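No value in this document is a laboratory result; all are computed from the given coordinates. The structure displayed is predicted, hence computed values, not measured ones. No Cβ is skipped: glycine too gets one built from the backbone with ideal geometry, and neighbour counts run over all protein chains shown.
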Amino acid sequence: MSSVSVVIPCYRYGHFLEQSVGSALTGQDGIDVKVLIIDDASPDDSADAARRIAKADPRVEVLVHERNKGHLATYNEGLLEWADGDYTVLLSADDRLTPAALVRAAALLDAHPNVGFVYGHPVRFETDRPLPPARTQGRGWSVWPGRWWLEKRFRAGHGCITSPEVVVRTDLQRRLGGYDPRLPHSGDIEMWMRFAAHADVGYLRGVDQAYYRVHSASMSKTDFSGQLDDLRQRKAAYDVVLEHSADALGEADRAGLARTVNRKLARQALYRAARAYDRGRTDQVPVDELVAFAADCWPRYEHLREFAGLSVRRRVGTKAMPYLQPLILSSVVHKTRERLWWRTWRRTGL
């Protein structure tokens, strides 16, 4: 029987713990599951909620920090110091697993020792709305060469995983380490790519593996200035994974991957700058900083078609552009590509 260690970090989310822990222990028949709740010095009664759950179920352990260590240190404590099952899951206290998610993931990992981690589709849901139904009858699985999957991520310039839907082979996690403290906001994508440089990747087709909670406050708040921070954090993640993977990837391979992702990130920055004109939000979006970021990523940025589109918008001007945007071909082309990517990701996980 395969064993799975589930690490649930918690900070002020004690009211979600019963649902989160329950999803890991219920409906996961045929595997040995144990759970560790790590309360990171929550100022509310989260630690008490965790202790009540542990008292009622011997499969649950609780660790309470006397002082707040931060999310990455808390993650790594559970992943690298406590987890000893065959496979490991990091599940946020406000997220949930779907029924039999661990069973499906363990079956793939059992069948393919070369696979370092497996993931499936996450279902996004809001706190104040009913939980949407999850697909639990899959269409089989795919096993991709890790290097191929890694290159796909560099070509895309973004991740395709939220986090709770991932199950990792524990010995690989211990060997390659956990979250890099230099990446407080993009450590997850770096870690998955680091794993892919050393092992193959599994994907469960046509099935939902986890519920990812999107809080209403974060959905209603739009931070246009955060677009630049997002790009910077992603670039940092790609830079770090190339650093971490020097032993697995040759110098020429790493140089090629760096060129690929830097060009992609430059295009994304210029596209976001152009869209600020389309939406009449040049006073909210840091257009000049986005262009500077693109120049830093790709010195020949002025030769990219996204820069040509941005130049047209600058000539048209902020006031007229929202009305003329449908006539700008490049915007239509990019919007279509974004839709196609979304449909492909929904179908294949890539």
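For the chain, what's the relative contact order in percent, using C-alpha pairs closer than 8 Å and at least 6 residues apart? Let's see the in-between values first.
Values: 613 pairs, mean separation 57.6, N = 350.
Relative contact order, the chain: 16 percent.
Please list 255-261, 32-38, 133-139 highest first by mean number of surrounding beta-carbon atoms within 10 Å per residue.
Result, highest mean first: 32-38, 255-261, 133-139.
Amide H neighbours of residue 214 under 5 Å, counting only residues 5+ apart in sequence or on other chains, H built in-plane at 1.01 Å? Under 5 Å from the amide H of residue 214: 125, 126, 127.
Placing +1 on the Cβ of every Lys and Arg and -1 on the Cβ of every Asp and Glu, with nothing else charged, gives segment 86-148 a dipole about its Cα centre of roughly 280 debye.
Take the Cβ atoms of residue 67 and residue 175, set R0 to 25 Å, and the FRET efficiency comes out at 0.25. The calculated FRET efficiency for the pair residue 139 and residue 19, based on their C-beta separation and a Förster distance of 30 Å, comes to about 0.65.
Out of all DSSP beta bridges in the chain, what portion is antiparallel? Express it as a percent rounded to 5. Display every interim value, and only then the final one.
On the way: 10 of 37 bridges.
Around 25 percent antiparallel, to the nearest 5.
Counted residue by residue at 0.36 nm each, then reduced by the alpha carbon distance between them, the extension gain from residue 229 to residue 26 reaches 69.2 nm.
Which value at 222 nm does the chain reach when only helices count, each DSSP H run of 4 or more adding -39,500 (n - 2.57), with the total divided by all residues and rounded to the nearest 500 deg cm²/dmol?
Computed ellipticity for the chain at 222 nm equals -14500 deg cm²/dmol.
The count of lysine pairs in the chain that are at least 8 places apart or cross chains, and whose C-alpha atoms lie under 25 Å apart, stands at 13. The calculated pair-distance distribution of segment 3-219 uses every alpha carbon pair, bins of 10 angstrom beginning at 0, and gives 8, 35, 39, 16, 1 percent.
The loop-placed GluC sites (Glu not before Pro) in segment 28-109, going by DSSP, that have at most 13 neighbouring Cβ atoms within 10 Å of their Cβ come out as 66.
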